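Contents: one structure, followed by commentary.
Coordinate-derived values only; no laboratory data. All of these numbers come straight from a predicted model, not from anything done at the bench. FYI the Cβ positions are ideal-geometry reconstructions off the backbone, even for glycines, and counts take in every protein chain you see.
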Amino acid sequence: MKEHITETEAYLLGIMPETERLLFEAKMLADPALQEDVKHQRRAIQMIRWYGRDLQRERLSAIYDALDAEFHLTITSIFK
Amino acid sequence: MEDITALYRDTFPHVARVIKQLGGDLETAKDLFHDAMIIYMEKNPPEIRVSAKAYLIGITRILWMKQQKLKIREEGLSIPEDFYASEAEQPLLEYLRTAGEKCMQLLQAFYYEQMELQEMADTFHYSNVRSVTVQKHKCLQKVRATVKNTMLYEGAHN
């Protein structure tokens, strides 16, 4: 189970060499548990990416808040 | 981040005028612009054929049309298919955000920001690359287990 994480990672990130990838896919076909692990890991990585985007949104909001008065005046006048 | 700040300061007023013209308010303009900035930062500069400013205005406009469920005519610009987490994904994401914040921060640095391990060790105060690698591994295992349990739960309730 533990070593699957590393293998699955290489598979999901698309950095697995061709022959290894084919072997891994064959292994998945024969092993439903491995198939499930891959599915869960794929969703985990997706969650991590969405989380990363949310952190970026927070950083960008902080940039907006910290910008100078002239900038804020321009923006306010646009939406008047 | 200075480049990003300069780009922000320079571009947002243009985006704001466009969104205002289309009938949007400041909050909407900000939200859509932030998403456009994120899409921009996720791209490799060589993939973008127009100026950063033109790209950001174009992407914000597309995001607006998507939000308003309007037909998108602009060509050559696209947003990643899985850019937004769907409603169905929100509860799990929220759970991971609160219950697993430390792990999620570490993992996003690697999988999203694509930080080097050495930089991660420095940022998260690990003594060396090996210990940050071990921790990243443990965290991924933990998040994967959470995903698995949630999917079992969802499966049982569908």
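The 3J(HN,Hα) values that the Karplus relation (6.51, -1.76, 1.60; θ = phi - 60°) gives for segment B:84-99 are, in residue order, 9, 6, 6, 3, 5, 8, 4, x, 5, 4, 5, 4, 5, 4, 8, 7 Hz. Gly and Pro appear as x.
Can you divide the C-alpha Rg of segment A:21-68 by 2.2 N^0.38 Å and report the result to two decimal places? Please list the in-between numbers first.
On the way: Rg = 18.8 Å, N = 48, 2.2 N^0.38 = 9.6 Å.
Rg over 2.2 N^0.38 Å, computed on Cα atoms: 1.96.
Given R0 = 41 Å, the distance between the Cβ atoms of A:ALA30 and B:GLU94 translates into a calculated FRET efficiency of 0.70.
Contact order, relative form, for chain B: 14 percent (alpha carbon pairs under 8 Å, 6 or more residues apart, mean separation divided by residue count). Grab the beta carbon distance between B:LEU22 and B:LYS53, set R0 = 22 Å, and tell me the FRET efficiency rounded to 0.05. Computed FRET efficiency for B:LEU22 and B:LYS53 comes out at 0.80. Reported value for segment B:84-158: 84 Å³ per residue, from the convex hull of its C-alpha atoms.
Geometric descriptor of the protein assembly as shown, per residue, is 173 Å³ (volume of the convex hull of the Cα atoms). In this calculation the C-beta distance from B:GLU154 to A:ILE15 is compared with R0 = 25 Å, giving a FRET efficiency of 0.25.
Rounded to two decimals, the Cα radius of gyration of chain A over 2.2 N^0.38 Å is 1.90. All alpha carbon pair distances within segment B:45-99 were sorted into 10 Å bins beginning at 0; the resulting P(r) in whole percents reads 19, 39, 25, 17, 0.
Rg over Rh for segment B:10-70 works out to 0.96, using Cα positions for both radii and the Kirkwood form for Rh. Can you give the longest run of chain B that contains no trypsin sites (Lys or Arg not before Pro) sitting in a DSSP loop with at most 10 other Cβ atoms inside 10 Å? Result for the longest clean stretch: B:74-158. Couplings for segment B:47-63, taken from phi via the Karplus curve 6.51 cos²θ - 1.76 cosθ + 1.60 with θ = phi - 60°, read 6, 9, 8, 10, 5, 4, 5, 4, 4, 5, 5, x, 5, 4, 5, 5, 4 Hz in order; Gly and Pro are left as x. Under 20 Å from a label point set 7 Å out along the Cα-to-Cβ vector of B:SER86, the amide N atoms of segment B:116-158 belong to B:147-158. Backbone geometry of segment B:107-112 corresponds, through the Karplus equation with coefficients 6.51, -1.76 and 1.60 at θ = phi - 60°, to 3J(HN,Hα) couplings of 5, 5, 4, 7, 7, 9 Hz, x marking Gly and Pro. The angle between the Cα long axis of helix A:69-78 and the longest principal axis of the Cα atoms of chain A comes to about 90 degrees, rounded to the nearest 10. Taking every alpha-carbon pair within chain B, the share separated by more than 24 Å comes to 51 percent. When the listed pairs B:LYS30/B:LYS66; A:LYS39/B:LYS43; B:LYS20/B:LYS66 are checked against a 21 Å cut-off, the alpha-carbon distance exceeds it for A:LYS39/B:LYS43. Close amide-amide hydrogen proximity is noted between B:MET115 and B:PHE110, each under 5 Å apart and 5 or more residues distant or on a separate chain (H modeled in the peptide plane; Pro and chain starts excluded).
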